[in-house]
Amino acid sequence: MRHRRYRELTTIGCAIVALVVGFAVSVPLPFDGPLLDVLIWARAALGTPPTSEPNPVAVVAVDPLSLETAALAPYPRALFAPVWAKLTTALTGAGARAVGFDFLFAYTANRLSPDFDRPFLAALAAHRDRIVLGRTARSLPASPFLAALDVDEHSLGLTELVADADGVHRHVRRGYHAETMQEVPSFAASLLARAHGTPMPAVVLLTPREPAEAIPTYALADVLRCAEAAPAALVRAFAGRIVLVGSTVPDEDRKLSSARFLPAVPPGAAIDPCGLHHLGSSSPTSMTAPGVYLHAIAIDAVVRGRVTRTAPSALVAILTAILAGTSALVALTRSPWRTTGLVLTGAAILFAVALEALRH
């Protein structure tokens, strides 16, 4: 009887302690993030059902090959205002819902030559209701760009992202606090507001079903060429989509994300005679992805209604208590080898349950 009471008391005690700890510890534990990354990899490895939904997001990449073309190579990016003007006009003319530049236009070339930036400023003014420019917590675009946009709440978006404690980016927030201590809309939140008037959840957990760079991506040089040679190709590529313009240069703005274990993306074949085609991974051997894709993944999740929600803390605490009590009972009534086997089996079952939850 004493042994039975000891087992019962120990089992109940472990369950109660686990329940209390489960309610007390509301922040993610150190292993939660890496476990999520593994779950995302496992889901992709098992395959996801194909979807006929058109992708709501596209990226125009400032990639190395574009920068080496004869049209762009002679100029530093600080003097790309004529390029941005052509791109803005082409994308809005093709029916893009919104266009976001994942850059900080902190410098105006008007300082070198009066009215050098005029074409881009005119394009911004003409399409200000569909444009979002990047900003940081400390810096805004130069005053001519702000004036052209006639800035409202969603003209700018904070492009900076906050990583988890282990340096991996797994969340995109609706807003971040700048130096003024006021909440500034994130880049993704401003683009969603521009395109759909859709409010973004406070936090979007990044749980992509495909590698980050699987989002339809087109080279800047190809888009500019098709804008002149075959504008209809841009309509097919960008109509109805939110378009993000960002750098995919291998050594610029690259981040580890929850998609870090997913495979590289091969380049696609040309989808139009003008040469427009989906780009592959910008750095196939790297586990990082350009930062612009993290914003794109968050937008994609919100538009498709695929925002992953974490389990309520009460449910987590109850499950923790059940597992702790069960584990204690098994350890007290079974041999060490059998206990080890049961624990490993239980862990596999829990992983399978978590994977199934993520799939749905």
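The values are calculated or read from the model by the stated rules, or taken from the named source; none is laboratory data. Treat the numbers as computed from the prediction; the structure is a model and nothing was measured. Because the Cβ atoms are built from the backbone with ideal geometry, glycine has one as well, and the counts that use them run over all protein chains shown. Quick note on the areas: whole protein, heavy atoms, side chains included, nothing else; ligands and nucleic acids left out. Shrake-Rupley method; radii C 1.70, N 1.55, O 1.52, S 1.80 Å.
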Report, by residue number, each residue of segment 212-238 that is open to solvent by 30 Å² or more (accessible area, probe 1.4 Å) and either farther than 23 Å from residue 87 by Cβ or of a type in the set (A, V, I, L, M, F, W, C) (or both). 214, 224, 227, 229, 232, 235
With 78, 109 as the choices, which residue is crowded, with 16+ Cβ neighbours inside 10 Å, over 25 Å from the mean Cα position of the chain (by Cα) and over 19 Å from residue 187 (Cα atoms)? 109
Tell me which residues, restricted to segment 253-271, are part of a loop (DSSP other than H, G, I, E, B) and either open to solvent by less than 70 Å² (accessible area, probe 1.4 Å) or under 14 Å from residue 282 (Cα atoms) (or both). 253, 258, 259, 260, 262, 263, 264, 265, 266, 267, 268
Are any residues in segment 122-142 within 23 Å of residue 243 (Cβ to Cβ) and free of Cβ contacts under 8 Å to residues at least 40 places away in the same chain, and if so, which ones? 122, 123, 124, 125, 126, 127, 128, 133, 136, 140, 141, 142
Segment 116-131, residues that are more than 22 Å from residue 193 (Cβ to Cβ) and either open to solvent by 30 Å² or more (accessible area, probe 1.4 Å) or outside any helix (DSSP H, G or I) (or both): 116, 117, 118, 119, 121, 122
Please identify the pairs in which a residue from segment 278-307 that is more than 21 Å from residue 221 (Cα to Cα) has its Cβ atom under 6 Å from the Cβ atom of a residue that is of a type outside the set (Gly, Ala, Ser) and open to solvent by 30 Å² or more (accessible area, probe 1.4 Å), counting only partners at least 6 apart or on another chain. 287/260; 288/254; 288/255; 288/256; 301/307; 307/201
Test residue 104 against the criterion of being under 15 Å from residue 245 (Cβ atoms) and either open to solvent by 40 Å² or more (accessible area, probe 1.4 Å) or in contact with a Cys (Cβ under 9 Å, 6 or more places away or on another chain) (or both), and give yes or no. yes
Within segment 170-209, track down each residue that is open to solvent by 50 Å² or more (accessible area, probe 1.4 Å) and of a type in the set (D, E, K, R). 173, 174, 179, 183, 209
Restricting to segment 325-360, give me the number of residues that are part of a helix (DSSP H, G or I), surrounded by 13 or more Cβ atoms within 10 Å (Cβ to Cβ) and among the basic types (Lys, Arg). 1
Result of the Cβ filter at 6 Å on segment 189-216, keeping first residues that are more than 12 Å from residue 303 (Cβ to Cβ) and of a type in the set (Gly, Ala, Ser) and partners that are open to solvent by less than 10 Å² (accessible area, probe 1.4 Å) and in a helix (DSSP H, G or I), at least 6 apart or interchain, is 212/293
Pairs needed: first member in segment 143-165, β-branched (Val, Ile, Thr); second member anywhere, open to solvent by less than 40 Å² (accessible area, probe 1.4 Å) and part of a helix (DSSP H, G or I); C-beta distance under 9 Å; at least 6 residues apart or different chains. 159/187; 159/291; 159/292; 159/295
Could you list, in sequence order, the residues of segment 81-95 that are of a type outside the set (Val, Ile, Thr) and more than 25 Å from residue 161 (Cα to Cα)? 81, 82, 85, 86, 87, 90, 91, 93, 94, 95
Of all residues in segment 43-74, how many are of a type outside the set (S, T, N, Q), within 29 Å of residue 192 (Cβ to Cβ) and either open to solvent by less than 20 Å² (accessible area, probe 1.4 Å) or part of a helix (DSSP H, G or I) (or both)? 10
Hey, any hits in segment 265-276 for a residue that's at pLDDT 90 or above and charged (D, E, K, R)? no
Residue set 359, 338; condition within 24 Å of residue 169 (Cβ to Cβ) and out of contact with any strand residue (DSSP E or B) (no Cβ under 6 Å at 6 or more places or on another chain); output residue 359
Filter segment 305-324 for residues that are part of a helix (DSSP H, G or I) and open to solvent by 50 Å² or more (accessible area, probe 1.4 Å); which is farthest from residue 10 (Cα to Cα)? 313
Report yes if residue 283 is open to solvent by 40 Å² or more (accessible area, probe 1.4 Å) and among the small types (Gly, Ala, Ser), otherwise no. no
